[in-house]
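Pasting a structure below so you can have a look.
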Amino acid sequence: MPDISLTTVVLLCLAALAAGWIDAVVGGGGLLLLPALLLGLPAGTPAAHALGTNKAVAIVGTTGAAVTYARKAPVDVRTAVRIGLAALAGSSAGAFFAAGMSTEVLKPVIMVVLLAVAAFVILRPAFGTAPATGPATRRRILAAIGLAGLGIGFYDGLVGPGTGTFLVLALTAILHLDLVTASATAKIVNCCTNAGALATFAWQGAVLWQLAALMAVFNLAGGTFGAHTALKKGSGFVRIVLLTVVFALVANLAYEQWSA
């Protein structure tokens, strides 16, 4: 356990609780959890330890949300796992290339894409609100494996922020899922990518396990509650949270891009 005050530990646990809820509803919990860790850990703590601890916490909440969704939402677990395995491979490839590429170049592009997505969701009120019409075709499943799996998985390993949100949007558009089912499917895919990243950080000794275990309890509670909230409130509620997270992500990326 790092030498941090009780007040900081409490604030980190509350951040984990809120991040678990956000991540379960629509993705993007890392926008809150990772900055909280970077600010809360003692000065001089390697950034890798914040990243590794973040993954150790997030995988618990994501798993809890995935289990809750799988029990109550019409999730095609087999398809979700296939996309998740592709995302695991994509994430590993992205992490490999990340060392030699400046992500600063990509951030303006990502912001433009997110603003375009927000405009699309605003101008298409019915997006993600209609229930799925039936099982997805083989072509759509393969497209989801390629784009949502390999493509977004690669982005997760290369850059990271907003991966869960991108997954929800891609799965809704490609598989014609409603936003609740897309969120449920995205959680299973996220479990796969988080597991791969966590294994790498653990092997490097970059996980603060005691702090992660404490925060994970709160993240699990937030993730489970978030899944229940999304299931109860429906796609209209998820749409509102989605737009909020998209604009928060744009603001976060803009701040990182131009504050340096």
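How do the pairs read when you match residues in segment 120-141 that are hydrophobic (A, V, I, L, M, F, W, C) with residues anywhere that are surrounded by 15 or more Cβ atoms within 10 Å (Cβ to Cβ) and modelled with pLDDT under 70, using Cβ under 9 Å and keeping only pairs 6 or more apart or on different chains?
Listed by first residue and then by second, the contacts come to Phe120/Phe127; Val121/Phe127; Val121/Gly128.
A further question follows. Can you tell me which residue among Gly40, Gly20 is modelled with pLDDT of 90 or more, farther than 23 Å from Leu158 by Cβ and crowded, with 19+ Cβ neighbours inside 10 Å?
Gly20
Let me ask another. Starting from residues that are part of a helix (DSSP H, G or I) and touching a Ser or Thr at 6+ places or on another chain (Cβ under 6 Å), keep the ones in segment 53-73 and report whichever is nearest to Thr163 (Cα to Cα).
Among them, the one singled out is Gly64.
Return the residue satisfying two criteria in turn: it lies in segment 157-189 and is within 14 Å of Ile59 (Cα to Cα) and at pLDDT below 85, and of such residues it is surrounded by the fewest Cβ atoms within 10 Å (Cβ to Cβ).
Going through the qualifying residues, I end up with Thr163.
Checking the structure you have, find out if any residue of segment 197-208 is open to solvent by 20 Å² or more (accessible area, probe 1.4 Å), more than 21 Å from Pro46 (Cα to Cα) and in contact (Cβ under 8 Å) with a residue 40 or more places away in the chain.
no
Would you check if Leu198 is more than 20 Å from His49 (Cβ to Cβ), among the hydrophobic types (A, V, I, L, M, F, W, C) and assigned to a helix (DSSP H, G or I)?
Answer is no for this residue.
Counting only residues that are assigned to a helix (DSSP H, G or I), of a type in the set (A, V, I, L, M) and within 25 Å of Ser92 (Cα to Cα), how many does segment 201-219 have?
Matching residues across segment 201-219 total 4.
Under 6 Å by Cβ, and 6 or more places apart or on different chains, what pairs join a residue from segment 1-21 that is over 10 Å from Gly222 (Cα atoms) and in a helix (DSSP H, G or I) with one that is at pLDDT 90 or above and open to solvent by less than 90 Å² (accessible area, probe 1.4 Å)?
Qualifying pairs under 6 Å: Leu12/Met215; Cys13/Met215; Cys13/Phe218.
Output the residue which, of all residues in segment 108-128 that are open to solvent by 60 Å² or more (accessible area, probe 1.4 Å) and outside any helix (DSSP H, G or I), is modelled with the lowest pLDDT.
Residue satisfying both the conditions and the ranking: Ala126.
Of the conditions (1) over 18 Å from the mean Cα position of the chain (by Cα); (2) open to solvent by less than 10 Å² (accessible area, probe 1.4 Å); (3) closer than 19 Å to Phe166 by Cβ, Leu249 fails just one. Which one is it?
With respect to (1) over 18 Å from the mean Cα position of the chain (by Cα); (2) open to solvent by less than 10 Å² (accessible area, probe 1.4 Å); (3) closer than 19 Å to Phe166 by Cβ, Leu249 is out only on (1).
A follow-up question, please. Taking segment 34-59 as the region of interest, how many residues are more than 29 Å from Ala136 (Cβ to Cβ), hydrophobic (A, V, I, L, M, F, W, C) and touching a residue at least 12 places away in the same chain (Cβ under 8 Å)?
10
Next question, about the same structure. Of all the residues that make up segment 208-242, how many are at pLDDT 90 or above and closer than 28 Å to Leu85 by Cβ?
Count: 13.
Rundown of residues vs (1) within 20 Å of Leu242 (Cα to Cα); (2) open to solvent by less than 10 Å² (accessible area, probe 1.4 Å); (3) among the small types (Gly, Ala, Ser), yes/no style:
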| position | (1), (2), (3) |
| --- | --- |
| Gly29 | yes, yes, yes |
| Ala47 | no, no, yes |
| Thr53 | no, yes, no |
| Tyr69 | yes, yes, no |
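The values are calculated or read from the model by the stated rules, or taken from the named source; none is laboratory data. All figures in this text were calculated on a predicted structure; none of them were measured in a lab. Methodologically, a virtual Cβ is constructed for each residue, glycine included, from the backbone with ideal geometry; neighbour enumeration extends over all protein chains shown. Accessible surface is based on the protein model in full, side chains and every heavy atom, while ligands, DNA and RNA are left aside. Shrake-Rupley method; radii C 1.70, N 1.55, O 1.52, S 1.80 Å.
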